[in-house]
Amino acid sequence: MKKNYLFFALLISIAYIVVGVRLFYLQVIKGQKYYEESKQNYTRLQLLYPPRGAIESSDGVKLAYDIPTYDLYIDPQEISENKHLEKEIERFKKLFGIDITNIIKANKNSITPIKIMDNLNTEQLETFYTNSYKFPGIFVGIVPKRVYPYGEEYAHIIGYVGLPSAKELKEYNIGPQSLVGKAGIEKRFNKYLIGTLGYKKIMVNALGKELYTIDKKSPVQGDTVVLTINSQIQNIVHKVFLDSGQKVGAVIVMNAHNGEILALDSFPEYNPNDIYKDWNKIINNPLRPFLNRATEAIYPPGSVFKVPIAIAALKYGVITPSSTLDCSGYIKVGNHIFYNWLRYDTGYQTIDQAIQNSCDTFFYQLGMKLGQKRIYDIEKDFGYGSSIPFELYNSPGFLPTKSWKLRKFHQPWYEGDTVNMSIGQGYVLVTLLQQVTMMEGIANNGVIYQPTLLKEIKTADGKVIFKNSRKVYKYVKAPLEDYSIVKKGLREVVLKGTGTNAFSTIVDIAGKTGTAQVVFGKHVGPNSPWKYQPDAWFVGFAPYRDPKYVVGVIVEHGIEGNLTAAPIVKRILEQIYIKGINREIN
Amino acid sequence: MRFYVKEWDEVILVSVLLLYIIGLVNIASASLVGVAFLKFNFALYKKLILQVVAGILGFLLAFALTKFDYEKLKNPKFIYSIITLNMFLLIVVLVIKYARHMPVNRWLFGTSLQVSEFSKIISIVFLAYYISRKGEVSGTRELGFASFVIALQSFLIFLEPDRGSAIFLLFIGFIMLWIGNAPPKVLYPTLVVFAILGMIFLFLKTGSNYVEGRFVAWLNPFAKANTKGYQIIQSLFAFAHGKLLGVGIGEGIQKEGYLPEIDTDYALALIGEEWGFLGVLFVVFLYGGLVYRIFKISDFAEDTFGKLIAFGIGMYIAIESIWNMMMAMNLIPSKGIALPFISYGSSNLLANLIAIGLVMSVYRKEKKPWKRLS
């Protein structure tokens, strides 16, 4: 026995030594490495999402803000450890009428809390809180949700938000649940609105339950963006356009004193609150609600285009205020005939009369006298043909040049092209914003303040971090008398010319109608289909003697400027004065 | 020649007490996770209280056994009745298991009495008796019968199923025969039969227990990190977290649900995490000293029966502790065996303390010539 005994004693000693050596290896040599590997097990980084900054109108109405929504979650520990889970599910069903068995079953092995109900209303929330002692493993989670209280009304200004794309995740310091702006002001000022992400580093047990906090950084709410929009005017614009019976178009109301946009709307609208619910409906709508017709859509400018040409003609001395030209039914250029919109001779007219009657043949002659170059220059000076520095994306539109035509069609520039261009037909394409900007220049005798939507940016607790100030975008130099003549013409348009539907006894409106053909080579009459009808413009300012507002309206397929666009402008301006909003605006 | 007469061996007493206290601290640390001590809650303190009660009971039993003359055990009536009772209880456990269609049942009276823990001690005494009943070594037939009884018990335990204990019993049985100088006629067939049984117990598929999965997990636990390798990885992480000096008692993180069985099979991992390398080394040192003293007692015992009892118990504690420690450190594939005196489990603690009582009883009757009194 002695021998065997020693053998075992030796074996056991070796075994204990092996254990000791292994321990040394595990704890001292490999310790740090294994520990680093295991660390991610214990600690969890919770992102604390800040509320997104609000968007306000200049008169302090909140147009977009975050509200907390309440979701119910169940703790996975509850599922694995509660013996009375079935009873709890039963009780839950009785209280809320929802069977959560399947949700729990599907997520049985989840280590993160499982969402069992979302978007609780006040009543449900109250029910839960009064009965919460019956549901030990169920708790309320709070998620911010973006709310647009005015829905469709501001869709084309504010845009909407969505979950971030991979690119946006990299670009901003945000988490996967952060909402980022996808369009409009939400997108343009996303950087300010998004806020600063906070985090909480916690120690968790194996089931993911929080033990204690290691490190915490509170989130900072995003900045508030204050727009120049006046909520009352925006509301007027929204209502007036919809009440006019028109479906497609856009309206811009601008403060002529500083270029601030007081209202901007494009129709049809969409509801940014339900954007993802209605997504397919919106993108399949042939009227394309996502297109911002105030800034993005491009149209032929129609007769509105004649206004800068009148300025140029006076400025370059092609015509004097008192000289007259024949407003014949048509003129012949080469062997091509260009008609007036009235196909009979209305006699000799001065330039303000020609504006009043929107005489095409008069402007054909002016155009030919000025030449393509000077037309191009004056229109460019008034802001056509290039993107305006603006908070929303806006198209540059198009102004044709001689070299462009040669490149594109391998044809020289004909006199007929100049004739066409002088009444806003041909290749010219503009946006509503450009039309309004041009009219601002007329109203201000050549000074064009840069159109803007941004008033200021302030932190959530009200400290102003950026204040926008008025900037001169362009100055079109011409004698003051020239502007007076043109403005007189624009006033006469409303008084006795082509835009009498914009005449108001409340406010003196001046402006120019426009009717732009959308199909060519086809006779379009009152009985033609809607989509062949010309687009209707009215761009004007008021009051005539001291311009304060510039209003532009486009009605797609609106038949005639005076018929559809002019009444809208009139009603909007009248409402502004009737409701006394006028006094609130400087 | 005068002999030193002493009832107690201090080394054994101190080691066992220290191990038991370390065990208690461990259980307290594991079960009172993140709880204010002020608020008494029986469910939380249950394990600790049970372990304290079992410990007190066990130490009282051990004292009683120390005073008891172990040679009185060398009595056929006693031996047969205790082994029969043991077999009977094992069968009762199985009857309960099959009657109630339980996948696993190792206990009587709810989960309070784990019969297989006592079977190990009873088998050691039984073998010691059979080997030494006719002087130095008993005859072939008797030894054959004894091995058969061991194999049968092992089989019953396997059916529970408790593969670890079943294999452990075969192992200790064979070592007892070998150390008891059993004749080759018995020894080799027993070796073959026990080896085959052991293999069957280890590899037979029953229910959801896939042994080969454990082997794969043992070879590379990180490849099966979410299934079989999970426990091993968490155990290794616990040791790694502890490093040289440990994170401090009660400060461990692995007990927060990361490492299952942290107060039983993987108790050493918690010690490793909270007490560090030096703490575990101290535990290993305690086991080493304990086993050394028991072997020494075996060496100086008056008769073969006493020698075999002490040796068997020494082997039993040595194998159990080494097995468990190696398992926790992924040196061998995992198979549940408790860490003596430390793991939570009243049956295991009681059985171990009874075993220590028996060893003390052997010691008390010894002449102690190496400590001469002048």
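The values are calculated or read from the model by the stated rules, or taken from the named source; none is laboratory data. On a predicted model such as this, the values are computed, not experimentally measured, just so you know. With ideal geometry, Cβ positions are generated from the backbone for all residues, glycine too; neighbour counts draw on all protein chains shown. What goes into the accessible areas is simple: the full protein's heavy atoms, side chains included, and nothing from ligands, DNA or RNA. Shrake-Rupley method; radii C 1.70, N 1.55, O 1.52, S 1.80 Å.
Counting every alpha-carbon pair across region B:145-210, the share separated by more than 20 Å comes to 25%. Checking every one of the trypsin sites (Lys or Arg not before Pro) in region B:100-178 against DSSP loop status and a limit of 10 other Cβ atoms within 10 Å picks out B:ARG100, B:LYS134.
Once divided by 2.2 N^0.38 Å, the Cα radius of gyration of region A:408-453 becomes 1.56. With every protein chain left in place and a probe of 1.4 Å, what is the accessible surface of A:ARG288, to the nearest 10 Å²? About 140 Å², ignoring ligands and nucleic acids. Remark: the A:TYR316-A:LEU45 segment gains 90.5 nm on full extension, using 0.36 nm per residue and subtracting the alpha carbon distance.
The candidates A:THR122, B:THR66, A:THR320, arranged from most to least accessible area with a 1.4 Å probe in the full protein assembly, appear as A:THR122, A:THR320, B:THR66. Placing R0 at 51 angstrom, the Cβ-Cβ distance between B:LEU61 and A:ALA106 gives a FRET efficiency of 0.45 after rounding to 0.05. The distance linking region A:8-67 with region A:511-555 is 66 Å (Cα centroid to Cα centroid, whole angstrom). Which pairs in the list A:LYS522/A:LYS548; A:LYS315/A:LYS522; B:LYS67/B:LYS296 are over 31 Å apart, alpha-carbon to alpha-carbon? Table pairs above 31 Å Cα-Cα are A:LYS522/A:LYS548; A:LYS315/A:LYS522. P(r) tail, region B:55-96: Cα-Cα pairs separated by more than 10 Å, 76% of all pairs.
Among the listed pairs A:LYS247/A:LYS570; A:LYS477/A:LYS531; A:LYS488/A:LYS570; B:LYS120/B:LYS243; A:LYS134/B:LYS97; A:LYS373/A:LYS496, a Cα-Cα separation exceeding 29 Å is found for A:LYS477/A:LYS531; B:LYS120/B:LYS243; A:LYS134/B:LYS97; A:LYS373/A:LYS496. If you average 1/r across every pair of different Cα atoms in region A:101-255 and take the reciprocal, what Kirkwood value do you get, in Å? The answer is 19.9 Å. What the protein assembly as shown shows is 44 Å² of accessible area per residue, with the surface traced by a 1.4 Å probe over protein heavy atoms. Computing FRET efficiency as 1/(1 + (r/R0)^6) for B:MET199 and A:SER13, where r is the C-beta to C-beta distance and R0 is 25 Å, gives about 0.35.
Ligands, DNA and RNA aside, A:THR196 has an accessible area near 60 Å² when probed at 1.4 Å. For the protein assembly as shown, the average shadow cast by the Cα convex hull is 56.9 nm², which is a quarter of the hull's surface. Per-residue shielding of B:315-328, expressed as the average number of other chain Cβ atoms within 10 Å of the residue Cβ, stands at 3.
Could you give me D for region B:290-371, from Stokes-Einstein at 10 °C and 1.306 mPa s, where the hydrodynamic radius is the Kirkwood radius over C-alpha pairs? Units µm² s⁻¹, please. Rounded to a whole number, D works out at 117 µm²/s. Estimated at the nearest 10 Å², the accessible area of A:ILE559 is 80 Å² with a 1.4 Å probe. Spin-label pair A:THR122-A:VAL140: with each label point 7 Å from Cα along the Cα-Cβ axis, the two points sit 1.3 nm from one another. The modelled label-to-label distance for the pair B:VAL192/B:LYS367, using points 7 Å beyond Cα in the direction of Cβ, is 4.4 nm. In summary, the helical segments of chain A meeting the span-like criteria, namely a full DSSP H run, a Cα extent along the axis of 27 angstrom or more and a mean Kyte-Doolittle hydropathy of at least -1.0, are A:2-23. Counting, for every residue in B:271-284, the Cβ atoms of other protein chains within 10 Å of its Cβ and taking the mean gives 3.
All other residues whose Cβ lies under 12 angstrom from that of A:ASN255 are scored, Lys and Arg at +1 and Asp and Glu at -1, for a net of 0.
Highest GNM mean-square fluctuation among B:ILE354, B:ILE232, B:ILE332, for chain B modelled with Cα contacts below 10 Å: B:ILE332.
Computed from backbone phi with θ = phi - 60° and the Karplus coefficients 6.51, -1.76 and 1.60, the 3J(HN,Hα) list for region A:385-395 is x, 8, 5, 8, x, 9, 5, 9, 4, 9, 6 Hz; x is used for glycine and proline. Here chain B is treated as a Stokes sphere of Kirkwood radius computed over C-alpha pairs; at 37 °C and 0.692 mPa s its diffusion coefficient rounds to 152 µm²/s. Using Cα springs under 10 Å in a Gaussian network model of chain B, which residue among B:PHE168, B:PHE201, B:PHE282 shows the largest mean-square fluctuation? The residue with the greatest mean-square fluctuation here is B:PHE282.
The order of A:TRP404, A:TRP530 by accessible area, most exposed first and with a 1.4 Å probe, is A:TRP530, A:TRP404. Accessible area ranking (1.4 Å probe, heavy atoms, ligands and nucleic acids excluded), largest first, for A:THR324, A:THR224: A:THR324, A:THR224. At an R0 of 51 angstrom, the distance between the Cβ atoms of A:SER528 and A:LEU85 translates into a FRET efficiency of 0.15. Here the Kirkwood formula puts the hydrodynamic radius of region A:324-473 at 17.8 Å, using every distinct Cα pair. Between chain A and chain B, the total buried accessible area stands at approximately 3500 Å², from heavy atoms with a 1.4 Å probe. For the cross-link pairs A:LYS62/A:LYS187; A:LYS191/A:LYS474; B:LYS47/B:LYS335, the ones whose C-alpha atoms lie over 20 Å apart are A:LYS191/A:LYS474; B:LYS47/B:LYS335.
Relative contact order of region B:286-361: 26 percent, from C-alpha pairs under 8 Å at least 6 residues apart in sequence. Rolling a 1.4 Å probe over the protein heavy atoms of the protein assembly as shown, with every protein chain left in place, gives an accessible area that is 59 percent carbon and sulfur.
Out of every Cα-Cα pair that region B:5-126 contains, those further apart than 23 angstrom amount to 53 percent. Mean sequence separation of contacting Cα pairs (under 8 Å, at least six apart), scaled by the length of region B:111-203, corresponds to a relative contact order of 32 percent. Pairs of Cα atoms nearer than 8 Å and 6+ residues apart set the relative contact order; for chain B it is 29 percent.
Sorted largest first, the spans of the alpha carbon positions of region A:435-575 along the three principal axes are 59, 40, 31 Å.
Taken residue by residue and averaged, Cβ atoms of other chains lying within 10 Å of the Cβ of B:249-259 number 4. In whole Å, what is the distance between the alpha-carbon centres of region A:398-457 and region B:258-303? Computed from Cα coordinates, the inter-centre distance equals 92 Å. For the protein assembly as shown, the mean residue ellipticity at 222 nm estimated from helices alone is -15000 deg cm²/dmol, where every DSSP H run of n ≥ 4 contributes -39500 (n - 2.57) and the total is divided by all residues, rounded to the nearest 500. Counting 0.36 nm for each residue step from A:PHE398 to A:ASN173 and taking away their Cα separation leaves a gain of 77.1 nm.
The Cα-based radius of gyration and maximum Cα-Cα distance (Dmax) for region B:169-326 are 19.3, 56 Å. For region A:189-295, the Kirkwood radius over C-alpha pairs fed into Stokes-Einstein at 4 °C and 1.567 mPa s yields D = 72 µm² per second. Shape descriptor for region B:97-205: Rg over Rh equals 1.02 (Cα atoms; Rh from the Kirkwood inverse mean 1/r).
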